[in-house]
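A.B. asks: Could you have a look at this structure, given as structure tokens, before my questions?
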Amino acid sequence: MLDLEYSKALPLLLGNYHSVEFVMVGCGGTGGFLAPSLARLILAINETGKRASVTFVDFDSIEPINIPRQNFVRCEIGLNKAQVLATRYSLAYGIEIGVIPSKFQREMVKSGWGKVTVVIGAVDQAAARVEISQTLDINQPYQTSQVWWLDCGNQGNGIPAGQVLLGSTHSLTPQNVFNEPDTPNFCVNLPSPSLVAPTLLTPNPEELESPPLSCAEIALYNQQALFINQRVAAEAIEMLAQLTLTGGLKRFATFFHAGVGSSRSFYTSPNTLSKFYS
């Protein structure tokens, strides 16, 4: 069935800003394949006269089980994931990449005048998503958001399906989603990923084990399809490019199933966005 909502979608505009900061939380499956594309996006943004930067955040080390599903090789086993990716791609592209080799804390994200921050969640645990979701509290009601959350995920259990969700507020209203509620011509806010998919913040049973399981042990419970991470990363970088570089982004959620070749998106039309009003 043809989705006509795209024809009614309004572009998302970030307003005036001079710098964009990416904070990628999780450097394993999707994050590992997203890292080189982020480096190239930073180069492209810098060429426009704006400043772009990125920080990789991950406390985890590379283990044998991470190969071949993640973007690492055997000689890197035992090293921190964020540090490996930052070293590899800062040298490859001649840019500085920040590294925080520890668990993400919402205090790591700071607002700033003329700065847009995009927190990219490439994690597999609900607790980490809860922490990421709280960074949106920095944003002021009824104003263009400074902090955005892009969540990347896959279905697991060997199923080649995933989703990419982008948002900026946990409380979407007609007054804060458009530039003019009565006669809108562009969007300034979008529903947070947890509004679109509330189960993102619900722990899976294996996450509640005591003592806590390692990331590798959790991965054994919820095995990923071999190439799903590259597909999620490709969807994510295209959304980020339209958000920060080319403009004209008209979708805020994309779901796909690579096994059957299907894909669907939620578009920034007034009708679709109204389904997420608080």
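The values are calculated or read from the model by the stated rules, or taken from the named source; none is laboratory data. Owing to the predicted nature of the structure, the values given are computational and were not obtained by experimental measurement. With ideal geometry, Cβ positions are generated from the backbone for all residues, glycine too; neighbour counts draw on all protein chains shown.
A.B. asks: Does L2 qualify as being more than 30 Å from E63 (Cα to Cα), modelled with pLDDT under 95, over 16 Å from the mean Cα position of the chain (by Cα) and of a type outside the set (S, T, N, Q)?
C.D. replies: Numbers: more than 30 Å from E63 (Cα to Cα): yes; modelled with pLDDT under 95: yes; over 16 Å from the mean Cα position of the chain (by Cα): yes; of a type outside the set (S, T, N, Q): yes.
Considered against the rule, which asks whether it is more than 30 Å from E63 (Cα to Cα), modelled with pLDDT under 95, over 16 Å from the mean Cα position of the chain (by Cα) and of a type outside the set (S, T, N, Q), L2 comes out as yes.
A.B. asks: Report whether or not Q175 is modelled with pLDDT under 95 and closer than 29 Å to G31 by Cβ.
C.D. replies: Values: modelled with pLDDT under 95: yes; closer than 29 Å to G31 by Cβ: no.
Against the criterion (modelled with pLDDT under 95 and closer than 29 Å to G31 by Cβ), Q175 does not qualify.
A.B. asks: Can you confirm whether region 70-80 contains a residue that is among the polar types (S, T, N, Q) and in contact with a helix residue (DSSP H, G or I) (Cβ under 7 Å, 6 or more places away or on another chain)? Show your work before the answer.
C.D. replies: Quick first cut of region 70-80, residues among the polar types (S, T, N, Q) only: 70-71, 80.
Still in the list and also in contact with a helix residue (DSSP H, G or I) (Cβ under 7 Å, 6 or more places away or on another chain): 70-71.
Taking every residue of region 70-80 in turn, at least one turns out to be among the polar types (S, T, N, Q) and in contact with a helix residue (DSSP H, G or I) (Cβ under 7 Å, 6 or more places away or on another chain).
A.B. asks: Tell me which residues, restricted to region 46-59, are touching a Ser or Thr at 6+ places or on another chain (Cβ under 8 Å) and surrounded by fewer than 19 Cβ atoms within 10 Å (Cβ to Cβ).
C.D. replies: First, the residues of region 46-59 that are touching a Ser or Thr at 6+ places or on another chain (Cβ under 8 Å): 50-53, 57, 59.
K50, R51, S53, F59, listed by residue number.
A.B. asks: Let me spell it out: the conditions are (1) over 17 Å from D151 (Cβ atoms); (2) hydroxyl-bearing (S, T, Y); (3) buried (at least 22 other Cβ atoms within 10 Å of the Cβ), and S133 meets all of them except one. Which number is the exception?
C.D. replies: Every listed condition holds for S133 apart from (1).
A.B. asks: Let me ask something else. Limited to region 253-264, what total is found for residues that are touching a residue at least 40 places away in the same chain (Cβ under 8 Å) and under 21 Å from the mean Cα position of the chain (by Cα)?
C.D. replies: Residues that pass the stated criteria total 7.
A.B. asks: Name the residue, out of T135, T87, T117, that is over 17 Å from T30 (Cβ atoms), part of a strand (DSSP E or B) and at pLDDT 95 or above. Show your work before the answer.
C.D. replies: On the way: T135 fails: part of a strand (DSSP E or B); T87 fails: part of a strand (DSSP E or B).
Being over 17 Å from T30 (Cβ atoms), part of a strand (DSSP E or B) and at pLDDT 95 or above holds for just one of T135, T87, T117, which is T117.
A.B. asks: To continue, here is another question. How many of the residues in region 152-204 are buried (at least 20 other Cβ atoms within 10 Å of the Cβ), part of a loop (DSSP other than H, G, I, E, B) and not aliphatic (A, V, I, L, M)?
C.D. replies: Summing the residues that are buried (at least 20 other Cβ atoms within 10 Å of the Cβ), part of a loop (DSSP other than H, G, I, E, B) and not aliphatic (A, V, I, L, M) in region 152-204 gives 3.
A.B. asks: Return a yes/no flag: does region 55-72 have any residue that is more than 19 Å from S111 (Cα to Cα), within 16 Å of the chain's Cα centre (by Cα) and outside any helix (DSSP H, G or I).
C.D. replies: To start, the set of residues in region 55-72 that are more than 19 Å from S111 (Cα to Cα) comprises 58-72.
In the following step, the residues that additionally are within 16 Å of the chain's Cα centre (by Cα) were identified as 58.
Next, from what is left, pick out any that are outside any helix (DSSP H, G or I): 58.
Checked against the condition, which is being more than 19 Å from S111 (Cα to Cα), within 16 Å of the chain's Cα centre (by Cα) and outside any helix (DSSP H, G or I), region 55-72 yields at least one hit.
A.B. asks: Take the conditions touching a strand residue (DSSP E or B) at 6+ places or on another chain (Cβ under 6 Å), at pLDDT 95 or above and under 24 Å from K81 (Cβ atoms) and apply them to A128. Does it pass? Even if it seems obvious, please write down each step before you answer.
C.D. replies: Values: touching a strand residue (DSSP E or B) at 6+ places or on another chain (Cβ under 6 Å): no; at pLDDT 95 or above: yes; under 24 Å from K81 (Cβ atoms): yes.
No: the conditions fail for A128.
A.B. asks: Quickly run through region 58-92 and pick out the residues that are within 21 Å of Q230 (Cβ to Cβ) and either in contact with a strand residue (DSSP E or B) (Cβ under 7 Å, 6 or more places away or on another chain) or of a type in the set (D, E, K, R) (or both).
C.D. replies: Hits for region 58-92 are D58, D60, E63, R69, R74, E76, K81, A82, L85, A86, R88.
A.B. asks: Still on this structure, please answer the following. Looking at this structure, is I67 modelled with pLDDT under 95 and of a type outside the set (G, A, S)?
C.D. replies: Values: modelled with pLDDT under 95: yes; of a type outside the set (G, A, S): yes.
So I67 fits the description; yes.
A.B. asks: In region 76-110, what count of residues is obtained for those that are more than 15 Å from F33 (Cβ to Cβ), small (G, A, S) and surrounded by fewer than 14 Cβ atoms within 10 Å (Cβ to Cβ)?
C.D. replies: The qualifying residues number 3.
A.B. asks: Restricting to region 92-109, what's the tally of residues that are under 18 Å from Q140 (Cα atoms), touching a residue at least 24 places away in the same chain (Cβ under 8 Å) and more than 17 Å from the chain's Cα centre (by Cα)?
C.D. replies: 0
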